[in-house]
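> Here it is, the structure, as structure tokens.
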Amino acid sequence: MNSHRQQGSCSVLIMRHGEAAPGFPDHARPLTPRGEHEAETMARWLATRIDQGELSRPTLYASPYVRAQQTAQRISDALGAPLNTLSFITPEDPPGDVSDWLLRHPVDSPIMLVSHMPLVGDLAGLLVEGAPSQGVGFPTAAIAELEADVWAAGCAQLKRFTQPSQLA
């Protein structure tokens with residue numbers, strides 16, 4: 001039952017990874033115990049929503065960085081969704097590249113991107129407001145749910161924004 005979705009529109013969930021340990025090199029920073037807990041909290045919440053028919057199982061994509069992979073693995077395990085890696089969703093990648101990919105990618109079921117600040121905030125700003133500078137601040141493990149008929153700048157609506165502290 002997908003009565004809550006309009007014909008033709010689809011969802012993209014943008015998630016920031018859980019809290020990561022400081023360190024160098026940046027790409028190798030792992031989740032902290034708190035970050036693991038944040039990721040698990042959000043994974044359980046998403047799984048419950050899918051079980052209740054409120055959300056369709058998304059296709060899952062993550063940055064290649066360790067902390068994003070660890071976060072996405074918890075989502076993958078909870079949802080029974082395969083984990084795919086996208087090389088162009090690392091912290092400093094341009095949000096326009098992700099928007100262009102979404103436009104070229106056939107979006108017939110929800111997509112979930114697990115990435116980093118500033119990309120997650122800039123991408124949400126670009127898709128909803130039309131400008132990365134209008135981006136959203138993402139606490140660790142927060143998820144923005146966007147809906148659109150076409151994934152062009154300024155064409156999406158922010159439907160929901162959830163962070164782990166709201167689910168505690």
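> Just the number, please: percent antiparallel of the DSSP beta bridges in the stretch 10-166, rounded to the nearest 5.
50
> Something else: Shape of the stretch 1-99 from its Cα gyration tensor (a ≥ b ≥ c, root eigenvalues): rounded if a/c is under 1.5, otherwise prolate when a/b > b/c, or oblate? Display every interim value, and only then the final one.
On the way: a/c = 2.66, a/b = 1.45, b/c = 1.83.
Here the stretch 1-99 falls in the oblate category.
> Right, another one. So between Q157 and S56, what do we pick up on full extension, going 0.36 nm a residue minus the alpha carbon distance?
Once the chain is fully extended between Q157 and S56, it gains 34.6 nm.
> Ignoring everything except DSSP H segments at least 4 long, calculate the 222 nm mean residue ellipticity for the chain; use -39,500 (n - 2.57) per segment, divide by total residues, nearest 500.
After summing the helix terms and dividing by the residues of the chain, the value is -10500 deg cm²/dmol.
> Taking the highest mean first, how do the peptides 47-57, 132-142 order by number of other beta carbon atoms within 10 angstrom per residue?
132-142, 47-57
A short reminder: the numbers here are calculations on the coordinates, not readings from a lab. Just so we're clear, the structure is a prediction, and the values are computed from it rather than from any experiment. Neighbour counts run over all protein chains shown; Cβ positions are idealised from the backbone, glycine included.
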